[in-house]
Structures are given as structure tokens and as C-alpha cells.
Amino acid sequence: MQIRTGDTYDPRVIALLDHHVAAARAQTAPGSAHALDLAGLRASDVAFWTGWDGETLVATGALKTLSADHGEVKSMHTLQTARRRGFGGQMLRQIIAEGRARGMTRLSLETGSWDYFKPALALYQAHGFVLCGPFQAYVEDRNSLFLTLDLTGR
């Protein structure tokens, strides 16, 4: 997979992100979906990447800067037909590497607690993320799981 800076004006990217947001919201209780929309991905505190298998868009991922030492993993999504081929792991490693390059000491994320999100949870845990409490403006929510990764260790 080739990882590129994401173009949030590319119709292929917009279509995959629209699918990601719609699927996340359909699989989450009302008020518990926290996926960024296009405007959120275009914010100055967000770095966004796309993953390509040849000319096919297969993955997205983003890093939101919360503070100088803390970032949030956002918009992780792999095309349904491209799953279980390592693309999600590659994108997550890109985000982790970028967090380290920026001097961040911690990355955190929120994902759903429902069965739909179990593969994502397994991916994050395989890369060293551990369960934690809510961070930033998040609050306890039985529909959400919060994870963090200490970037000073591994």
C-alpha cells in the first residue's frame, strides 16, 4: 500500500469517508459516534492520509493534535473488500510514526464497544494500545472504548 497525504476534495476519498461515517453511525447508539466529517479532517490540527493499492483507495487514517505531547488517532477505515491484508496496520503505523516524529509522548483514540468494532479493537491492541478512561472532551459512555499508547516506550 502506498500512503499519501489525503486529498479531502478527491471524490473517491469523499465516497470512502462518507461510507465510514455512515457505517460508524449505523453501528453506534445515537450521540455516541465520534467520526470526523470532511470539515473536521480539513482542520489545521489534523493530518490526514490515504492508502492506495495501485489506483484503488483502500484505507484512511488521521492524527489530530490535542496538545504538543498528545495526539488522537481518527478516521481509521479500511475498504471492506481490502480488509485482512494488513492495510489498517500499515496506516496505524504511519500515524504512530508521525506522532513520534512530532514529539508526542502519547496517542489516544475512541472506538465503539459494539461487535462491529471488535476487529478495530484487536488491531489497536496488537499495536500496543491499552484501555484507558475518557480523554479530552470525551465522557464515560458504555458505547465507547478509550485506548492509549505510550510513545516513550516501544
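The values are calculated or read from the model by the stated rules, or taken from the named source; none is laboratory data. Everything numeric in this text was worked out from a predicted model, so none of it was measured. Glycine gets a Cβ as well: all are built from the backbone with ideal geometry, and neighbour counts include every protein chain shown. Heads up: the accessible areas ignore ligands, DNA and RNA and are worked out on the full protein's heavy atoms, side chains in. Shrake-Rupley method; radii C 1.70, N 1.55, O 1.52, S 1.80 Å.
Out of 25, 4, one residue alone is in a helix (DSSP H, G or I) and basic (Lys, Arg). It is 25.
The residues listed here are 32, 75; of these, the one that is open to solvent by less than 20 Å² (accessible area, probe 1.4 Å), under 18 Å from residue 138 (Cβ atoms) and assigned to a loop (DSSP other than H, G, I, E, B) is 32. Got at least one residue in the range 143-150 being part of a strand (DSSP E or B), closer than 21 Å to residue 34 by Cβ, in contact with a strand residue (DSSP E or B) (Cβ under 6 Å, 6 or more places away or on another chain) and at pLDDT below 95? Among the residues of the range 143-150, at least one is part of a strand (DSSP E or B), closer than 21 Å to residue 34 by Cβ, in contact with a strand residue (DSSP E or B) (Cβ under 6 Å, 6 or more places away or on another chain) and at pLDDT below 95, which makes the answer yes. The residues of the range 44-79 that are in contact (Cβ under 8 Å) with a residue 40 or more places away in the chain, within 14 Å of residue 104 (Cα to Cα) and among the charged types (D, E, K, R) amount to a single one, 72. Looking only at residues of the range 99-111 that are touching a residue at least 40 places away in the same chain (Cβ under 8 Å) and surrounded by fewer than 17 Cβ atoms within 10 Å (Cβ to Cβ), we find that the one that is farthest from residue 140 (Cα to Cα) is 100.
Residue 98 falls short of the stated requirement of being part of a strand (DSSP E or B), closer than 20 Å to residue 5 by Cα and modelled with pLDDT of 95 or more.
Just one of (1) of a type outside the set (A, V, I, L, M); (2) open to solvent by less than 30 Å² (accessible area, probe 1.4 Å); (3) in a helix (DSSP H, G or I) fails for residue 125. It is (2). Scanning the range 37-70 for residues that are open to solvent by less than 30 Å² (accessible area, probe 1.4 Å) and more than 18 Å from residue 121 (Cα to Cα) yields 40, 41, 46, 47, 48, 49, 50, 51, 52, 57, 58, 70.
The set of residues in the range 11-22 being open to solvent by less than 80 Å² (accessible area, probe 1.4 Å) and in contact (Cβ under 8 Å) with a residue 40 or more places away in the chain consists of 13, 16, 17, 20.
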